[in-house]
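Participant: Following this message is one structure expressed as structure tokens.
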Amino acid sequence: MKYLVVIVSLVLFSSCLRLDDNFYNLEDKITEYKLDNYTGEQDFILDNSYYIPDSLIHHFTLSSKGPDDNNATTIHAIYIGSISKIQTDTVIMYCHGNKWHMDFYWQRAKLLAHTSGKNKYGVLMIDYRGYGLSEGEPTENGLYADVDAALQWLKLKGLTNSRLMIYGFSMGTAPACELSNKPRSMTPSKLILEAPFASADVMANDGSGLNMPGSFFTNLKIDNAEEIKTISQPFCWIHGINDNFLNINTHGEMVYKNYNGIYKEAHRITGADHGEIPAKMSFNDYLNTLSTFIKK
Amino acid sequence: MLRLFAIVVFIGIIFQNCAPTRFVKPLAKNQNAISANLGGPLIHFGNAVTPIPFTSFMYGRGIANSTTAFASIHTTAMLFGNFQTDIGVCQRLYKHDSLKFGITVNPAVNMVYDKWNKNFRAWPQLDVNIYKDILKDKAFLYIGLTNWFELSAKKAHNETQKNHALINPHIGMTYNTKKWGYTLECKFLQMNKKNIPNVVDYVGIQQKGAVGIYLNFTRRF
């Protein structure tokens, strides 16, 4: 009996370290957004033909308050396009990945602003709480609240559901799926996922080679593989075949397979690692793929 | 997200490989031993290479001259709210007295319970070792395989589990004094997995897996 007491005590009093706080990659601290003048590491740098005039780049802050928040958090956002045309334009809500801040993703957002032609569609990008200059600490619920705050802003500017596309890259696929599946302020009409993450369980399985649950490491509940099952919006999936971080077979194919909605298309990119899809596809092919899907 | 992946791989390695082989040679009948294990995968840290210091503690008792039972507590896993233990026996299968070598196996069960979501998993483990006495029997060298087995037919999201055995080779040496034993073991962990790019800068072989170094201090009584 005393051994049982000892074992139970060890379980109860074992420490509370979790990896959750380490998941958010906030390593590169910035004091201002530099956009085209940013010289830090980036996945690719566009040439001058992708130039966006300053008049179409709008940096502003939003107040984000989710259902679990006691106080609002100020987050930073960048809209590429004419704000006055949001009433009539199609807009891509770009949910960036886990790394750093909007400066790192600026080239990607700028590229998206060339879908179907230069500034044909508006692009909105935010830094989740804790990222870049946004206040607060990152949390899973905070990701959803912050993207929803961005959607509230778009709605206020006159965007309607039918002209809202949501695009998630890597960790950004979590809010993209969540807000497509359980819409808050707006319901995206189409969903684009680049290099999606399936779930913490898949990560733990991949990492260990065993049927190890994600709960051994993390309390994160992100589960795109399950969430996608009840998403009905048309769905475009893009994944690098050589993705060394989020394996195309265990993560991407799983998400794609589980989609049961009205339309889906898959783009498996030969030779592309996690951050390499636009460059490996060629920017033109990448934009044409998105344009065709959005216009369908 | 890249960071998350790297950490999970990292922890996956920890769970499976936070200790050296429990017993290469069985204890004498009724002999007891407690041991502390320290070590883990080698990483580049600044200009140096160092093992990540994972820890576990073990108790063993000789239940026959060729059979030793053992149980352990994985203290690093415990830091993350997981109670992990491995319980098993070391069984000598063969011993050649004049050539001074033998073969042993360590069948064991690894069990992990997480206090957060109440998930429980158990994996059989089978370590196989061949040892050779040296230095007038004060020490022995050994080589072997650490094998973990996944018995579940399914994995996350009800997908089919295709790999049911994880095999990590190791080599080591134990030096014994009258009461103490000191072991240095080197494992090649996850030898089929690419280790780059990675937040944790593992020391692997041809960009695969990680080399792990482990120390074991055993007190017999």
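The values are calculated or read from the model by the stated rules, or taken from the named source; none is laboratory data. Because the structure is predicted, anything quoted here is derived from the model rather than measured. Using ideal geometry, Cβ is built from the backbone for each residue, glycine included, and neighbour counts are taken over all protein chains shown.
Participant: Looking only at segment A:87-125, which residues are outside any strand (DSSP E or B) and β-branched (Val, Ile, Thr)? Break it down stepwise before answering.
Facilitator: Residues of segment A:87-125 that are outside any strand (DSSP E or B), as a first pass: A:87-90, A:96-98, A:100-121.
Answer for segment A:87-125, where residues must be outside any strand (DSSP E or B) and β-branched (Val, Ile, Thr): A:THR88, A:THR90, A:THR115.
Participant: If I go through segment A:239-268 residue by residue, how many of them are within 22 Å of A:LEU287 (Cα to Cα) and in contact with a Pro (Cβ under 9 Å, 6 or more places away or on another chain)?
Facilitator: The total comes to 6.
Participant: Another one. Of the residues that sit in segment A:98-116 and are within 14 Å of another protein chain (Cβ to nearest Cβ) and either at pLDDT below 95 or farther than 18 Å from A:TYR33 by Cβ (or both), which one is surrounded by the fewest Cβ atoms within 10 Å (Cβ to Cβ)? I'd like the intermediate steps shown before the answer.
Facilitator: Taking segment A:98-116 first, the residues within 14 Å of another protein chain (Cβ to nearest Cβ) are A:98-100, A:104-105.
Next, from what is left, pick out any that are either at pLDDT below 95 or farther than 18 Å from A:TYR33 by Cβ (or both): A:98-100.
Details: A:ASN98: 24, A:LYS99: 23, A:TRP100: 21.
Among residues in segment A:98-116 that are within 14 Å of another protein chain (Cβ to nearest Cβ) and either at pLDDT below 95 or farther than 18 Å from A:TYR33 by Cβ (or both), the one surrounded by the fewest Cβ atoms within 10 Å (Cβ to Cβ) is A:TRP100.
Participant: Exactly one condition in (1) surrounded by 20 or more Cβ atoms within 10 Å (Cβ to Cβ); (2) among the charged types (D, E, K, R); (3) closer than 18 Å to B:LEU27 by Cα is not met by B:ASP137; state its number.
Facilitator: It is condition (1) that B:ASP137 fails.
Yes/no per residue for (1) without any contact (Cβ under 8 Å) to a residue 12 or more places away in the chain; (2) out of contact with any Leu (no Cβ under 6 Å at 6 or more places or on another chain):
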{"residue": "B:ALA139", "(1), (2)": "no, yes"}
{"residue": "B:TYR142", "(1), (2)": "no, yes"}
{"residue": "B:ASN147", "(1), (2)": "no, no"}
{"residue": "B:ASN158", "(1), (2)": "yes, yes"}
{"residue": "B:GLN161", "(1), (2)": "yes, yes"}
{"residue": "B:ASN168", "(1), (2)": "no, no"}
{"residue": "B:THR174", "(1), (2)": "no, yes"}
{"residue": "B:LYS179", "(1), (2)": "no, yes"}
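Participant: Scanning for something charged (D, E, K, R), on the phi > 0 side of the Ramachandran plot, surrounded by fewer than 18 Cβ atoms within 10 Å (Cβ to Cβ) and without any contact (Cβ under 8 Å) to a residue 40 or more places away in the chain, does segment B:185-203 turn up at least one residue? Spell out how you get there, then give the answer.
Facilitator: Of the residues in segment B:185-203, the ones charged (D, E, K, R) are B:185, B:187, B:193-194, B:201.
Right, trim to on the phi > 0 side of the Ramachandran plot and you get none.
Looking through segment B:185-203, none of the residues is charged (D, E, K, R), on the phi > 0 side of the Ramachandran plot, surrounded by fewer than 18 Cβ atoms within 10 Å (Cβ to Cβ) and without any contact (Cβ under 8 Å) to a residue 40 or more places away in the chain.
Participant: Scan segment A:48-86 for residues that are under 18 Å from A:LYS155 (Cα atoms), in contact with a strand residue (DSSP E or B) (Cβ under 8 Å, 6 or more places away or on another chain) and in a loop (DSSP other than H, G, I, E, B) and jot them down.
Facilitator: Taking segment A:48-86 first, the residues under 18 Å from A:LYS155 (Cα atoms) are A:58-66, A:75-86.
Checking the rest, the ones that are also in contact with a strand residue (DSSP E or B) (Cβ under 8 Å, 6 or more places away or on another chain) come to A:58-65, A:75-83, A:85-86.
Passing the criteria: A:LYS65, A:GLY81, A:SER82, A:ILE86.
Participant: Follow-up question, since we're still on this one. Residues in segment A:179-210 that are buried (at least 24 other Cβ atoms within 10 Å of the Cβ), assigned to a helix (DSSP H, G or I) and more than 14 Å from every other protein chain (Cβ to nearest Cβ): how many?
Facilitator: 2
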